[in-house]
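Right, one structure below, let's go through it.
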Amino acid sequence: MKEINAAEFDSEVVNGGKVVLDFFSTECPPCEALAAKFEDLSHLYGNDIKFMKMYRQGNRELAEKLGVKSSPTLLFYDNGQEAGSRLTGGIKRSEIIRNLDSMLTAGRVEEIRSQIKPSVSEFDVIILGAGPGGLTAGLYLCQSKINTVLIDIALPGGHVSTTHEVSNYPGFIEPQAGYMLSHNMSEQTKLCGTIYKVAVDVTSVDLEKKEVVIDEYETVKAKRIIIATGTTPNLTGAPGEKELKGKGISYCATCDAKYYNDKEVLVIGGGNSAVEESEYITRFVKKLTIVHQFDRLTANKQAQDKVLSNPKISILYDNEPRAFIKDGDKIVTETENIKTKERQKLVSDGVFIFIGMKPNISLFRDKLELDQWGYIKTNEDMLTSVPGVYAVGDVISKKYRQITTAVADGTIAAMAIAKEID
Ligand SMILES: Cc1cc2nc3c(=O)[nH]c(=O)nc-3n(C[C@H](O)[C@H](O)[C@H](O)COP(=O)(O)OP(=O)(O)OC[C@H]3O[C@@H](n4cnc5c(N)ncnc54)[C@H](O)[C@@H]3O)c2cc1C
């Protein structure tokens with residue numbers, strides 16, 4: 001692995017044969033998450049592909065010329081031509097491998113794969129999921145000197161990292177940007193000494209044996225597991241939704257509302273998330289229409305009052321989406337009135353969908369006792385039906401899903417485990 005600067009770009013990268021180049025920054029958690037994977041893969045692929053790093057801020061002009069807008073960004077070059085796809089954000093090992101493999105012959109890929117040595121590491125506690133629930137459990141366990149690893153398929157932070165503003169987390173007088181609140185939670189837990197394995201693929205989870213396999217070859221063992229995997233947004237299921245996800249259909253206002261400056265959007269849903277996020281989206285858009293299946297909103301009164309008095313927002317009650325169709329730059333949403341069955345077509349620049357969540361339990365669905373909606377049942381110590389396996393946060397069966405309740409669950413599970421392990 002070699003660190004280069006802009007002056008060396010032509011000789012080392014453009015004329016360098018097969019190269020992967022990492023534009024990194026300092027004080028960049030996703031860059032830190034990538035560093036160990038990049039180093040490890042350089043040992044595996046280093047004979048065939050050159051691994052290079054460039055400090056983005058120090059080589060800003062070149063980065064901009066190449067269209068590199070965030071750190072880390074991985075660029076792949078094959079004899080001067082950009083190859084594969086650019087990777088950015090929480091970059092997974094499997095995504096890097098896919099790009100590296102695409103530059104080699106199938107036979108060589110096979111040879112390299114055969115050199116991968118499976119690894120095993122042992123901890124007292126594995127926490128699956130680094131949202132507020134998992135991070136808080138990690139902090140308490142770490143402070144009790146319990147050897148803990150936090151595993152997440154994405155970067156730490158969970159839903160909070162993509163929530164535009166949090167105004168109900170105690171201790172802060174002013175509303176907090178969600179990404180800062182989650183960043184602070186994560187740094188506090190990391191600085192304590194908790195080990196992070198983030199932006200990984202979780203290959204399998206054995207709750208009985210307390211073993212988690214990540215990125216196919218790395219087995220992590222522990223005495224206890226805490227499941228803190230949260231929830232994922234529900235889909236409407238209407239034709240076109242999956243195809244247009246990320247191409248005009250979004251599930252995250254903080255991530256995407258800024259791209260709709262002075263445009264018109266639809267919001268599907270009428271509960272708290274839909275209503276609160278609509279209010280936020282109107283900072284950018286000129287017109288927003290909420291499409292809701294009932295004849296009144298189901299959000300709390302305070303949130304409802306805000307949107308009902310917002311001149312940019314109109315509401316189409318009793319309607320559900322039946323199809324999403326791309327028409328040039330626009331999205332045509334076909335809706336059906338569930339009382340009259342009348343259909344209409346609404347043209348907008350984008351669609352945001354906020355219609356509830358489902359628990360992330362696919363890796364252990366059959367192993368645990370669940371409630372009728374598929375959420376994990378726990379006792380007052382957050383212990384599940386499997387001995388030694390705890391669950392906290394939005395993934396458990398409970399009435400109220402908030403940051404504060406996830407944090408409380410994480411605290412309880414960690415204290416119960418600390419007592420047991422003592
Ligand atoms: C749009 C929106 C706005 C919100 N606004 C607020 C608010 O203002 N105030 C408030 O109190 N609450 C708010 N909430 C609710 C709050 O965000 C959640 O209650 C809280 O984040 C739950 O924390 P958690 O740790 O249980 O799960 P999450 O935050 O969902 O984190 C779960 C983590 O688990 C990871 N994961 C998933 N599957 C796996 C797997 N198989 N293996 C490993 N890791 C996995 C995910 O990547 C994620 O990082 C909001 C929620 C949404 C969606």
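For ASP329 and MET1, what is the calculated FRET efficiency with R₀ set at 30 Å and r taken between the beta-carbons, to the nearest 0.05? Between ASP329 and MET1 the formula returns 0.10.
The region of the chain that goes longest without hitting one of the chymotrypsin sites (Phe, Trp or Tyr not before Pro) in a DSSP loop, each with at most 14 other Cβ atoms within 10 Å, is 1-171. Evaluating 6.51 cos²θ - 1.76 cosθ + 1.60 at θ = phi - 60° for every residue in segment 3-10, the Karplus couplings come out as 9, 10, 10, 4, 5, 8, 4, 5 Hz, glycine and proline recorded as x. Loop sites here are GluC sites (Glu not before Pro) outside DSSP states H, G, I, E and B with no more than 16 other Cβ atoms within 10 Å. The longest part of the chain free of them is 28-207. With the simple spin-label model, which puts each label point 7 Å out from Cα in the Cβ direction, the GLU61 to LYS245 separation comes to 4.3 nm. Accessible surface area normalised per residue over the chain is 50 Å², counting heavy atoms of protein chains with a 1.4 Å rolling probe.
The distance separating the Cα centre of segment 100-153 from that of segment 369-422 comes to 22 Å.
First measure r as the distance between the Cβ atoms of LYS287 and LYS258, then evaluate 1/(1 + (r/R0)^6) with R0 = 25 Å and state the FRET efficiency to the nearest 0.05.
0.95
Distance between the pseudo-spin-label points of GLU420 and LEU44 (7 Å out from Cα toward the beta carbon): 3.3 nm.
Applying a DSSP loop filter and a limit of 12 other Cβ atoms within 10 Å to the trypsin sites (Lys or Arg not before Pro) in segment 62-143 leaves LYS69. Give me the percent of accessible area attributable to carbon and sulfur for the chain, probe 1.4 angstrom. Carbon and sulfur: 49 percent of the exposed surface of the chain. Relative to the current alpha-carbon distance between VAL14 and GLN188, full extension at 0.36 nm per residue lengthens the span by 58.5 nm. Placing a label point 7 Å from the Cα of LYS145 along the Cα-to-Cβ line, the residues of segment 375-418 whose backbone N sits under 19 Å from it are 414-418. Does segment 152-275 come out rounded, prolate or oblate, given a ≥ b ≥ c as the square roots of the eigenvalues of its C-alpha gyration tensor, rounded meaning a/c under 1.5 and, failing that, prolate meaning a/b above b/c? Taking the square roots of the gyration eigenvalues as a ≥ b ≥ c, segment 152-275 is oblate.
With a cut-off of 11 Å, note down the residues of segment 229-273 whose backbone N falls inside the zone around a label point 7 Å from the Cα of ARG343 toward its beta carbon. Inside the label zone: nothing.
Note on TYR217 and GLN304: their simple-model spin labels are 5.7 nm apart, each label 7 Å out from Cα toward Cβ.
Given an 8 Å cut-off on Cα distances and at least 6 residues of separation, report the relative contact order of segment 1-52 as a percent.
Relative contact order here is 59 percent.
Applying the criteria of a DSSP loop state and at most 11 other Cβ atoms within 10 Å to the trypsin sites (Lys or Arg not before Pro) of segment 392-422 yields LYS399.
The values are calculated or read from the model by the stated rules, or taken from the named source; none is laboratory data. Note that the structure is a prediction, hence the values are computed from the model and not measured. For neighbour counting, all protein chains shown are included, and Cβ atoms are generated from backbone atoms with ideal geometry for every residue, glycine included. All accessible areas refer to the heavy atoms of the entire protein, side chains included, with ligands and DNA or RNA removed. Shrake-Rupley method; radii C 1.70, N 1.55, O 1.52, S 1.80 Å.
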